[in-house]
Amino acid sequence: MNTFDLPSRVNTWNQLEDGQVLWQILNDIDNEYFDESLPIFEESNDRRQSNNWIPRWQNLKHIERAVSTYIREECGQLPVLTKRMIPDLKTGAREGSTMLTAKLTMAVLLAACFSPKSNQRMLQVMAQLGTKTAETIAAAIQDMQALDTRMSDLGVDSELTVEPNLSGFR
């Protein structure tokens, strides 16, 4: 995370929970595509401690949609998996979830690796991480690509939509 152009160093997962740092990273990945601001932008230092989870949810939902579309349409990668990358953003935003934050962060890092505007930089960053770490990251990306292909071959993509159909559920 700290290889991106950020105003301060990221030291903990909870610094990413409101989405503002992740959005700054996406802007660093491709500032033409991710050029707008988040739906809810708060500059106060206590924004992560706020009991109001709705702004976090709005931001995380915006990021998930933007990064999924970017990976699928701009990078031409993971056409099936990006339709439903992170299904329960509302619960994660309400209750706080390190797993949700980690998944969304992984999606942002995938965008950085797949993006024609930042993949060369990411190759340099991975080389600096050492062979073992770089190989682990590369293997994880290849596993996701293989899973996406298998899901497509099985016809799963025809059953998925970008938005879940919640008719009948209230």
So, in the stretch 65-87, of the ones that are assigned to a helix (DSSP H, G or I) and open to solvent by less than 20 Å² (accessible area, probe 1.4 Å), which residue ends up modelled with the lowest pLDDT?
Thr82
Looking only at the stretch 1-15, count every residue that is part of a loop (DSSP other than H, G, I, E, B) and open to solvent by less than 40 Å² (accessible area, probe 1.4 Å) and tell me the total.
3
Against the condition surrounded by 17 or more Cβ atoms within 10 Å (Cβ to Cβ) and assigned to a loop (DSSP other than H, G, I, E, B), how does Asp18 come out, does it pass?
yes
Any chance Arg72 is out of contact with any helix residue (DSSP H, G or I) (no Cβ under 8 Å at 6 or more places or on another chain) and either at positive phi or of a type in the set (Lys, Arg) (or both)
no
Can you name every one of the helices (runs of 4 or more DSSP H) wholly within the stretch 88-170 that holds 2 or more residues which are open to solvent by less than 70 Å² (accessible area, probe 1.4 Å), modelled with pLDDT of 85 or more and closer than 23 Å to Leu26 by Cα?
98-114, 119-128, 131-153
What residue, among those in the stretch 31-64 that are open to solvent by 40 Å² or more (accessible area, probe 1.4 Å) and β-branched (Val, Ile, Thr), is modelled with the highest pLDDT?
Ile54
Please go through the stretch 53-79 and pick out each residue that is within 21 Å of Met99 (Cβ to Cβ), more than 12 Å from the chain's Cα centre (by Cα) and not charged (D, E, K, R).
Trp53, Ile54, Pro55, Trp57, Gln58, Leu78
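The values are calculated or read from the model by the stated rules, or taken from the named source; none is laboratory data. No experiment lies behind these values; they were computed from the predicted model shown. Methodologically, a virtual Cβ is constructed for each residue, glycine included, from the backbone with ideal geometry; neighbour enumeration extends over all protein chains shown. With ligands, DNA and RNA removed, areas are computed over all heavy atoms of the protein, side chains included. Shrake-Rupley method; radii C 1.70, N 1.55, O 1.52, S 1.80 Å.
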